[in-house]
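Values in this text are rule-based calculations from the coordinates and carry no lab data. These numbers come from a predicted model, not from an experiment. Cβ placement follows ideal geometry from the backbone for every residue including glycine, while neighbour counts extend to all protein chains displayed.
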Number of protein chains: 2
Amino acid sequence: MLGILTLRGPSMPVQKASVRDQIRRTLTERILAGHYQPGDRLIELQIARELGTSQGSVREALRELEASRLVESEPHRGTRVRVVSLCEMREAYQMRGLLEQAAAITAAKAFKGSVGSLRDEVQAVLRAAEVGDFGEQAAHVYAFHRAVVGASGNGVLLRLWESLAFETRVRVRLGWGPIDPKQVAASYEAILTALEEGNGRVAGRLLREHSGKFAPVSDQLDAD
Amino acid sequence: MLGILTLRGPSMPVQKASVRDQIRRTLTERILAGHYQPGDRLIELQIARELGTSQGSVREALRELEASRLVESEPHRGTRVRVVSLCEMREAYQMRGLLEQAAAITAAKAFKGSVGSLRDEVQAVLRAAEVGDFGEQAAHVYAFHRAVVGASGNGVLLRLWESLAFETRVRVRLGWGPIDPKQVAASYEAILTALEEGNGRVAGRLLREHSGKFAPVSDQLDAD
DNA sequence: ATCACATTATCGATAATCAATAATTTTTCG
DNA sequence: CGAAAAATTATTGATTATCGATAATGTGAT
């Protein structure tokens, strides 16, 4: 039993690995990695037997995934990987832009003069793009934006932003074509400069525009 | 058993009343109504026995409440009603303002010339305020803002906004003092006028300012 | 072909049970 | 007495087995 619980690095302190969390993590990985495709059914007992757990634990994990909108379920019809529509993705990108713009306003204070860690992420993005490692690329893009939003110091803002993670991450897997590294570099460079100067207003605007570049529709909500 | 399932209005169509949902609804009501105070423990078997359900169903309901951030839990230490800090509430109000501003930009198109339903809600708010019925007042305030956000036509935006419901609703129960009806009326009247004219830009700005009036801290994120 | 009916897979839910852990109480001993 | 140690209790985390309800599928009769 407990085929999942095998992993636990040697240097890991006392990580509580509840069965429920392990299941959730495993399923999340599989969904984000594309092992389970959108629309695929997730059958409780099947998963339970595969992972060596009980049906109840799987149910709980599925409820959590449903809450974070990775899956959806109908009564007596089971749970399946959620299908994110193009429309919803556009909306999510709009919102991400809006939130990041707001985040930048205050985050700029934190980054003024020290954008080293951010620059590292951008470098990593470009390196990954050259090699063609989309997973790595997406991870560093995520890390960059998350760092900015996190630096805003607004926990609620961060939570809202993170709740968009699924919608804005599927994009990569849909393969809307490779990104021009030059364009990306230029865009990020401008943002970095603004942050370094502590100019949150400009950084925010640039981040919002950046978000717009990756969503194929005009941004209707721009208040400026 | 199933002491909860009694209710089901005569005109109700075919409402699926899963046990889990019933538990969730019951607990949500009790939390919002203040029957359970912030910090109170929610003991699984206790609730299960009281409602005549199994422990498992209560667990699932609690996981859902945790996802919507009404409660929080630590391993082996149980689940309790979440305590929303003043800081978090301020952040939530900031975010609510940001989202509503964005919503107004597009919602204005939908309301141009026909703000009747919105005006009704404002009237209801003032009426409730006169009578001193805070519950009713809060409900209509909620309905007004929700209508605006809903009219934006952006589902993701609506979802984000609704996820702030808890944080921005506790406020009423904390009783930050009664609100001056005149001030409220004037504020809403200006918003209505802007929406009626289809001027989303102005309506958005007013909504954001409105939100600021109810949060006791200067709004740092205003990009305009 | 299509409708009615049976079959099957799966979900929704329950009960009974057990180990692990946290909180509480009691005991022991300096 | 008062603090450390030990025992007790309450509750969670998780399992197994089981049942009825429901949706999907298959099958046969007309």
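If R0 is 45 Å, the Cβ-Cβ spacing of B:ARG169 and A:GLN55 corresponds to a FRET efficiency of close to 0.80. On the rotation that sends chain A to chain B, the chain A Cβ lying closest to the axis gives residue and distance in whole Å as A:ALA67, 2. Ascending distances from the A:LYS213 label point to its copies in the other chains, with the point 7 Å along the Cα-to-beta-carbon line: 4.1 nm.
Mean sequence separation of contacting Cα pairs (under 8 Å, at least six apart), scaled by the length of region B:111-151, corresponds to a relative contact order of 42 percent.
Sorted fewest first by neighbouring Cβ atoms within 10 angstrom, A:GLU29, B:GLU162 come out as A:GLU29, B:GLU162. Using a 7 Å projection from Cα along Cα-to-Cβ, the label point at B:PRO38 is separated from the same position in the remaining copies by 3.9 nm, smallest value first. Restricting the calculation to alpha carbons of region A:55-180 gives Rg and Dmax of 17.0, 56 angstrom. Which entries in the list A:LYS112/B:LYS213; A:LYS109/B:LYS213; A:LYS213/B:LYS213; A:LYS213/B:LYS112 go over 28 Å, if you measure between the two C-alpha atoms of each? Checking Cα-Cα distances, A:LYS112/B:LYS213; A:LYS213/B:LYS213; A:LYS213/B:LYS112 exceed 28 Å. About the centre of its Cα atoms, region B:86-213 shows a dipole size close to 280 debye [charges on the beta carbon of Lys, Arg (+1) and Asp, Glu (-1) only; nearest 20 debye].
Here the Karplus relation 6.51 cos²θ - 1.76 cosθ + 1.60, evaluated at θ = phi - 60°, turns the backbone of region B:129-145 into coupling constants of 5, 4, 6, x, 8, 5, x, 4, 4, 4, 4, 6, 4, 4, 4, 4, 5 Hz, with x for every Gly and Pro.
Amide H contacts of B:ASP40 (H built 1.01 Å from N, in plane; Pro and chain starts excluded): B:VAL81 sit under 5 Å, all sequence-distant by 5 or more or on other chains. For the residues of A:103-112, the average number of beta carbons from a partner chain within 10 Å of their own beta carbon is 1.
What FRET efficiency do you get for A:ASP133 and A:ALA17 if R0 is 35 Å and r is their Cβ-Cβ distance, rounded to the nearest 0.05? Please report the intermediate quantities before stating the final value.
Details: r = 29 Å, r/R0 = 0.82.
Approximately 0.75, to the nearest 0.05.
By the Kirkwood approach, averaging reciprocal distances over each pair of separate Cα atoms, region B:19-81 gets a hydrodynamic radius of 11.3 Å.
You can think of it this way: the chain between A:GLN183 and A:CYS87 has 32.1 nm of extra reach, that is 0.36 nm per residue less the Cα-Cα gap.
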